[in-house]
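Report on the structure given below.
The values are calculated or read from the model by the stated rules, or taken from the named source; none is laboratory data. Treat the numbers as computed from the prediction; the structure is a model and nothing was measured. Cβ: placed from backbone, ideal geometry, glycine included. Neighbour counts: every protein chain shown. Surface accessibility is based on the protein's heavy atoms, side chains included, excluding ligands, DNA and RNA. Shrake-Rupley method; radii C 1.70, N 1.55, O 1.52, S 1.80 Å.
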Amino acid sequence: MFVALAFLIAVFNLLGLVMVMSASSVVALDEYGSTWYFVTRQAAWAAAGAAALIVVARIDYHRWRRFSGPFLLLALGLLVLVLVPGIGRGANGATRWIGVGPLTIQPAEVAKLALLVWIADLLARRASYMHNLRATLRPVIVVLAVMATLVMLQPNLGTTIVLAAIALALCFVAGAPLAPLAGWATVGIGAATALALAAPYRRSRVLMFLDPWADPMDKGYQNIQSLVGLASGGIAGTGLGASRAKWGFLPYAHTDFIFAIIGEELGLVGATVVVGLYVLLAIIGVRVGLHAPDRFGLLLAVGVTAWFGMQAFVNIGAVIGILPITGVPLPFVSSGGSSLLVSMVGAGLLLSVARQARARSLAPRAASNAG
């Protein structure tokens, strides 16, 4: 599983570099005078992510437990800083970044990892108290509510969905009572829906996917152009680099809507292969969790798998028009530094669990051979 997982992550990164190079070439030349601008940045972040992945994969994942609390506080602090005028950076009606000059980070990406590690540590320590809601489910709900509120104030509905999916998956696998868990999930969905529909501009954006042709030249434009790009690809695609949507028709073709370019250039066959790779990632992640040496490893593996799986689902769902556009990147593939770097750290955690699971499975064989 360790080798298969490492190979799959490498495939995703190579796919991302190739598709970012193709999808961003036109806008990069127009805005920066070089078709290589975005792909060189992506390559630099991929290199940094690869280094982080190797380091995290080689470190015993149990060491993360002692830093789970401070890491969570750091993530919450960064989410607050984003909302401070003069510190947070905005674009397209959302304030999601902080940084200096060209170097920026998106605290919501850090929040995913921090929430995952904190919940996994909490539920691993309190395994004997899973039916005591005050000791297990309640603190998870409180922290998730605070974090989700801060993220929604940016606003960032997509990341809120991913955070909730991570928490829900961890609580379910840890053995939380189903009735209270389902009740809190319903409350969370209702609160997220209310926040998403509260402001008129957010409401129109969220609901536009139901009928993008109601406003084809403004709010529904991106939905329509995404579907046009996918339809233009047909079965086999127009060929790598031959996309027409990237020539100014489809906004954010190299970031949130890179899957539309994949569908256009590689066709239904290529798009299906990419979806299949994410399904394979989820299967491997679940298997890593099932073979984890302990409860904390199981929860880490499940949390990372839920994170990548839900994020891919939300991104692809928006591109193909079955979900509203929420601005969530496609894991490992979309252009974006902080998203790629944090995702690689998450993949490193999964590899760390897989490495120790493999070591434990090989130990009896080594002992029998020695005997």
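Here are a few things to note about the model shown:
- If you go through the range 9-32 and keep only what is among the aromatic types (Phe, Trp, Tyr) and modelled with pLDDT under 95, you end up with just TYR32.
- All positions within the range 107-131 that are more than 18 Å from GLY303 (Cβ to Cβ) and crowded, with 19+ Cβ neighbours inside 10 Å: PRO107
- Residue check for GLY77: under 22 Å from the mean Cα position of the chain (by Cα), part of a helix (DSSP H, G or I) and either free of Cβ contacts under 8 Å to residues at least 24 places away in the same chain or under 17 Å from VAL342 (Cα atoms) (or both): yes
- Residues located in the range 214-224, provided they are open to solvent by less than 60 Å² (accessible area, probe 1.4 Å) and within 18 Å of ASP256 (Cβ to Cβ): GLY220, TYR221, GLN222, ASN223, ILE224
- Filter result for ARG134 (among the basic types (Lys, Arg), open to solvent by 60 Å² or more (accessible area, probe 1.4 Å), farther than 22 Å from ASP256 by Cβ and part of a loop (DSSP other than H, G, I, E, B)): yes
- Odd one out for THR35, checked against (1) modelled with pLDDT under 95; (2) assigned to a helix (DSSP H, G or I): (2)
- Filtered by the rule that a residue be among the aliphatic types (A, V, I, L, M) and over 14 Å from the mean Cα position of the chain (by Cα), the range 319-337 gives VAL319, ILE320, ILE322, LEU323, ILE325.
- When residues of the range 197-213 are limited to those that are more than 24 Å from PHE259 (Cα to Cα) and small (Gly, Ala, Ser), the one most open to solvent (accessible area, probe 1.4 Å): ALA198
- Verdict on LEU170 being farther than 20 Å from PRO324 by Cβ, open to solvent by less than 40 Å² (accessible area, probe 1.4 Å), assigned to a helix (DSSP H, G or I) and touching a residue at least 40 places away in the same chain (Cβ under 8 Å): yes
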